[in-house]
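Some notes on the structure that comes next.
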């Protein structure tokens, strides 16, 4: 799908999902792998199995991953703590817990999981969860194509931390610190990203709510430490939008 309007285009980015399965029981890992392949086929994604958290953490620190199915009870530490470590440097990773212990479900909320599956896992529940994983992954991997006079730069939605507009210049601040600037109007930029959980907190700023860490009196504090002003006029709407976003996840 391609949507073009002056300097901004909304495009669909097709990329191969990387799924990690972490369980100290290799039979469980293999079972989850088979269910994924049975549902979506062998070429749908790359699946990597881990039987201990240390090898998984080492891999996650040095490679990009999209989804992790994590057993809550691992050999050396709670799987929730393992997921926390991954989310600290890759907050976009989609997390699904697999466990025989229902008492940890509320603790798992600290890492914003997509679901908490109890063993033994029914096929219907697993397939419904996997479909939600795919839907969320696809929403992350749409992109904005920003056009300058001579070239076009594709920016994935998930990589945009916030957008700044001043004097008909739009600057996309990315989560890795890179900046991409083009000519255009902030109103038009907002119309392209609003449905992906962005909020316009100020006349000159649009923020990806996924990367909000906290609120100060008149500022949003982002996970990367940047501080974004909130205008008096937009303060109530901004906080309400974030409240709705948090409760919808």
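The values are calculated or read from the model by the stated rules, or taken from the named source; none is laboratory data. Treat the numbers as computed from the prediction; the structure is a model and nothing was measured. Cβ coordinates were reconstructed from backbone atoms using ideal geometry, including for glycine residues, and neighbour counts include every protein chain displayed.
Brief remarks follow.
- Filter pass, residue 87 being surrounded by fewer than 16 Cβ atoms within 10 Å (Cβ to Cβ) and at pLDDT below 95: no
- You will find that of 50, 69, 3, 56, the residue that is modelled with pLDDT under 85 and in contact with a strand residue (DSSP E or B) (Cβ under 7 Å, 6 or more places away or on another chain) is 3 and no other.
- Among the residues of the stretch 192-219, those identified as more than 18 Å from residue 171 (Cα to Cα), more than 17 Å from the chain's Cα centre (by Cα) and surrounded by 15 or more Cβ atoms within 10 Å (Cβ to Cβ) are 215, 219.
- Within the stretch 155-179, considering residues that are loosely packed, with under 13 Cβ neighbours inside 10 Å and within 22 Å of residue 66 (Cβ to Cβ), the one modelled with the lowest pLDDT: 176
- Residue 199 vs. criteria within 23 Å of residue 112 (Cα to Cα), in contact (Cβ under 8 Å) with a residue 40 or more places away in the chain and touching a helix residue (DSSP H, G or I) at 6+ places or on another chain (Cβ under 7 Å): yes
- Residues satisfying the stated conditions in the stretch 29-44, i.e. surrounded by fewer than 20 Cβ atoms within 10 Å (Cβ to Cβ) and either assigned to a helix (DSSP H, G or I) or in contact with a helix residue (DSSP H, G or I) (Cβ under 7 Å, 6 or more places away or on another chain) (or both): 30, 31, 33, 34, 35, 37, 38, 39, 40
- Residue in the stretch 228-239 that is modelled with pLDDT of 90 or more, assigned to a loop (DSSP other than H, G, I, E, B) and exposed (fewer than 12 other Cβ atoms within 10 Å of the Cβ) present: yes
- Meets criteria (assigned by TED's automatic domain parsing to the domain that holds residue 70 and within 30 Å of residue 115 (Cβ to Cβ)) for residue 135: yes
- Condition check for residue 54: outside any helix (DSSP H, G or I) and free of Cβ contacts under 8 Å to residues at least 60 places away in the same chain: no
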